[in-house]
Each structure stands twice: as C-alpha cells, then as structure tokens.
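Q: Sending over a structure as structure tokens; questions will come in a sec.
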Amino acid sequence: MKKDQFTRQTVDLLSRLVACPSVNPNRRMPESEPYGEARMADLLAQELQSMGAEVQLQEVLPGRPNVIGFFRGSGNAPSLMLEAHSDTVSIEGMTIPPFEPGFDGQRIWGRGSCDTKGPMASMLMGIRLVLEQAGQPPGDIYFVSTVDEEMGAEGAQALVNGGFRVDRAIIGEPTRLAYVHAHKGALRWKIRTSGKAGHSSQPSQGINAIYKMAPIIHLIEGSLVPQLAENVHPLLGPATISIGTISGGNAVNIIPDACEIEVDRRVLPGEDRESLTQQIRSAINDLHLRGKVDKFEIEETNWFPPFEIGLDSPLLKELAIASAACGLPPELETAPWASNAGVFQSAGIPCVVFGPGSIEQAHKEVEYIEIIQVFRAAKILATLILGDQVVEIDFP
C-alpha cells in the first residue's frame, strides 16, 4: 500500500468513526442519537466485512452489541485480539461540534477521536497493512469492539463470560504509543440512607436521611482516605477512595426520606473485590451499631479488575521488538485509570494496553488526536502481527 493511499484511508476511516455517535447511555435506553453503540456496530461490521472478516454481533444490552471480526491465520502463530471499546463519554461541555470531525493535516477533532476511536482506527489499518502485504496473518486475528467500557465494562465481561479466549491481546487506549503493563482497577458503590418525610416547619416529626448520610461521608473522608494512603503498590502508588455524587430530598420544605452517594474505590493488583465491599459494609455497620446511622444499603454498581503483567511477558517483548523495528524506542508505563485489560487478564488472556493519543486529550471539551500517532500505531501493530517481516510503508 502506498503511503498517500494509506494516509487517505486512515483519515477517512477515523473521520467516519468520529462522525458516528456512540455516547454511553449510562443505562438509558439507547433509542436515538447520540446514545448507544448500535450505529458504531453497524459501521464496524460493514468495514470488517469489506476487509474479508467473518463478523459476529453479540448483543450485551438492549441495542448495544459487541462486534467480533475474525481473520483466519495461515499458520500456527498465536492468536491475537485487538480490542477497542465502541462507546464514548458524554458530549456535555464540549466547545466543538462533537460529531463533525475536523482535520488540519495534523490533528483530528471530535468526541472519541482520542478515546478510543483513534486506537480503533490504528488497529483496523494495521490489519489492512497485514492483508495488503501478506494476504493472511500468520495466526488468527480477532478485531473486537466492546460496549459499555466507560461505565461498567459489561461488553468485555459478556465476551469472556461467553467463553471467548485468545492467546494474547492488545487493548486499545490512548497511551502515546507507550506500553501500559499495569493499571489500577475500580470498584464503585451506591450507598443509601433512609429516613422519614415530614414538613420542614416541624423537623422533629421526620427523620432526615441527609443527616444520616453525614457520618458515612465523614467516615470515608476522615478514616478510609488516610488509611488507603498507606496501602501502596510499588508501581501504581496508593489505593484511593472518593465520593463522586450525592443526591437527596425532593423540595427544600420537605424533610428528605432518602439520600444516596456514589463512591469510587481505585483498586490495586492483589486486592479482592468481595473483601473490599465487605470492608466498607463493616465500617458503616459499625456506625450503625454505635447509633450514628440507621437504615443503610450498599449496592455495587461497577467493577473493573486491576491489571498487571510481568515485565518478562513474551507479548511485551514482541511489542517492544515491533516498535524498535518501526524506529520508535519502546516505553513502558503504568496508569492510574482502568481499562478492559483487567477483565481479559482475569480470564487468563495476557494483555498489553497500547495505542495512539494522549489521555490528556481524552474526555475533554476539545478532544483530538495527532494523526501521525495513528499511522505509527498501525505500523507497529502490523509489524507485531507479521513477526519477522518488515512492513513496507514509512512514516516520519
């Protein structure tokens, strides 16, 4: 494939991906734009079929399917999954048109351009390079796009729960072409307190559920935050906990009978999901026994397993070799955020998180990605797939 042709195809593909709305509906029914991943699934299915892939759609949530494209290998090389989620975060607060991709010759703008449609485009174009040069990959290749990564990783969970397995996987996220070999996980809860409604002119006749939440908030801020600061991973730093939302009450002149907070706990490799929920439940129950909290409920809402792969991983070594062959020095990193890598690693699939773009541009009011990084990522991935073959295309 000639350089100019590859450039045009990459820019066109990424522009079409960005122009296709796929905002995570966050449990809304994805009935219309911009919510839901169905439009992206259709676009990706058509793109994969045009490349010769066998395509399967796996509905995970109503109107929200995973996309699985299969390219049969010519030999016995290890199978490889290239995975990039299809959902994006909200468009609220954006100061540019979210689905009208702009391109100035260096950057492409729009929601999802960085997280994570840029990495997705690099994967698809990397496969195109392999097919153009070799006809078939040496081993089976799966291109997978999962739903709901931004809110709950339900797509990745559904895939592995259905028995999907490969020998190794690249998880597409904006890492600036560095290789993320460890990141924190995330466990999230909704905590509710209940009370008794009453007229605000007679507060003593009701039970204020917001007041009942106050000791829990003080517990998290005053006890759990400093405790977790001492729980430190040698690569990822401390575990953390924070309260992200609070809601309660219906009107200022009514004593609130319910209050709810959402809590985010960043999880280190080696920490156990069930134990963490039991720990916070026990801490709040202690408040209850001491008469500071009446009725309370805890509901687990999201679970992203933490991720860590050894530095002696064959996949890491092969990716480093591919990068060096493309003229880019390998760079290892860790990350404080979570990705689908933890889900796949927990299912026994060795993973590395890799892709073009910087997390600094993700989720922003002006989201963009540098197109040269997409080119380079595609070449590195093609080189990884081909092994000892040189990818016959050059970029600065």
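The values are calculated or read from the model by the stated rules, or taken from the named source; none is laboratory data. Here the structure is a predicted model, which is why all the values come from computation and not from measurement. Cβ: placed from backbone, ideal geometry, glycine included. Neighbour counts: every protein chain shown. Calculation scope for accessible area: heavy atoms of the full protein, side chains included, ligands and nucleic acids excluded. Shrake-Rupley method; radii C 1.70, N 1.55, O 1.52, S 1.80 Å.
Q: Mind grabbing the accessible area of PHE103 for me, 1.4 Å probe, Å², rounded to tens?
A: 90
Q: Let me ask something additional. Please list, by residue number, everything in segment 123-141 whose backbone N is under 15 Å from a paramagnetic label point 7 Å out along Cα→Cβ of ASN76.
A: It comes to 138-140, nothing else.
Q: Above 21 angstrom, tally the Cα pairs of segment 23-88 and express them as a % of all pairs, no decimals.
A: That tail contains 31 percent of the Cα-Cα pairs.
Q: Which aspartates and glutamates does LYS364 reach when only Cα atoms under 12 Å apart count, and residues fewer than 8 places away in its own chain are ignored?
A: The qualifying aspartates and glutamates are GLU92, ASP115.
Q: Expressed as a whole number of Å, what is the distance separating the alpha-carbon centroids of segment 189-259 and segment 341-395?
A: That distance is 40 Å.
Q: In terms of Cα to Cα distance under 18 Å, which aspartates and glutamates are near enough to LYS2, apart from those fewer than 8 places away along the same chain?
A: Within the straight-line cut-off, LYS2 pairs with ASP12, GLU132, GLU392, ASP394.
Q: If you don't mind, another one. Rounded if a/c is under 1.5, else prolate if a/b is larger than b/c, else oblate: which is segment 298-383, with a ≥ b ≥ c the root eigenvalues of its Cα gyration tensor?
A: Because a/c hits 1.5 or more and a/b fails to exceed b/c, segment 298-383 counts as oblate.
Q: What distance in nm lies between label points placed 7 Å from Cα along the C-beta direction at LYS190 and ASP394?
A: According to this spin-label approximation, the distance is 5.8 nm.
Q: Taking R0 as 45 Å, what's the FRET efficiency between ILE246 and ASP312 from their Cβ-Cβ distance, rounded to 0.05?
A: In this case the efficiency is close to 0.50.
Q: In percent, what relative contact order does the chain have, based on Cα pairs under 8 Å that are 6 or more apart in sequence?
A: It rounds to 24 percent for the chain.
Q: List the pair-distance distribution P(r) of segment 119-187, using every Cα-Cα distance, as the percent of pairs falling in each 10 Å bin from 0 up to the bin containing the longest distance, rounded to whole percents.
A: Cα pair-distance distribution for segment 119-187, in percent: 15, 43, 35, 7, 0.
Q: Say R0 is 56 Å: what FRET efficiency, to the nearest 0.05, do SER204 and ASP104 get from their beta-carbon distance?
A: FRET efficiency, SER204 to ASP104: 0.30.
Q: Then there's this: Determine how large the accessible area of VAL11 is when every protein chain is in place; take a 1.4 Å probe and give Å² rounded to the nearest 10.
A: 20
Q: To continue, here is another question. Mind checking the dipole of segment 79-176: about its Cα centre, +1 per Lys or Arg Cβ, -1 per Asp or Glu Cβ, Debye to the nearest 20?
A: That gives a dipole near 320 debye.
Q: If you don't mind, another one. To the nearest 20 debye, what is the magnitude of the charge dipole of segment 34-119 about its Cα centre, counting +1 on the Cβ of each Lys and Arg and -1 on the Cβ of each Asp and Glu?
A: In total the dipole reaches around 140 debye.
Q: Additional query: In percent, what relative contact order does segment 204-291 have, based on Cα pairs under 8 Å that are 6 or more apart in sequence?
A: Once divided by the residue count of segment 204-291, the mean separation gives 29 percent.
Q: Same structure again: May I ask you to derive the relative contact order of segment 1-125, considering only C-alpha pairs under 8 Å and at least 6 residues apart, and to give it as an integer percent?
A: About 28 percent, as a whole number.
Q: Assign unit charges at the C-beta atoms only (+1 for Lys and Arg, -1 for Asp and Glu), then state the dipole size of segment 1-52 relative to its Cα centre in Debye, rounded to the nearest 20.
A: 180
Q: Next question, about the same structure. Using a cut-off of 17 Å between alpha-carbon atoms, which lysines can reach LYS292, once sequence neighbours fewer than 8 places away in the same chain are excluded?
A: Result set, ordered by chain and number: LYS196, LYS212.
Q: On to the next question. Just the Kirkwood number for the chain, please: inverse of mean 1/r across all distinct Cα pairs, in Å, one decimal.
A: When all Cα pairs of the chain are included, the Kirkwood radius is 22.5 Å.
Q: Would you calculate a helix-derived [θ] at 222 nm for the chain, using -39,500 (n - 2.57) for each DSSP H run of n ≥ 4 and dividing by the full residue count, to the nearest 500?
A: For the chain, the value works out to -9500 deg cm²/dmol.
Q: Please work out how much length the chain gains when fully extended from SER50 to SER282, using 0.36 nm per residue of separation minus the C-alpha to C-alpha distance, in nm with one decimal.
A: Length gained between SER50 and SER282: 78.0 nm.
Q: Which sequence of ASP140, ASP286 reflects their accessible areas, 1.4 Å probe, from the largest down?
A: ASP286, ASP140
Q: Let me ask another. Ranking request for peptides 33-45, 211-223: highest mean number of other beta-carbon atoms within 10 Å first, then the rest in descending order.
A: Ranked by mean Cβ neighbours within 10 Å, highest first: 33-45, 211-223.
Q: Residues with amide H under 5 Å of LEU332's amide H, sequence separation 5 or more or different chain, H placed in the peptide plane at 1.01 Å from N; which?
A: Amide H to amide H, under 5 Å and 5 or more residues apart or across chains, LEU332 pairs with TYR179.
Q: Around ILE298, what is the net charge, scoring Lys/Arg as +1 and Asp/Glu as -1 over all other residues with Cβ under 9 Å from its Cβ?
A: 0
Q: Among SER79, THR277, THR10, whose Cα lies farthest out toward the positive end of the dipole of the chain, if unit charges sit on the beta carbon of Lys, Arg (+1) and Asp, Glu (-1)?
A: THR277
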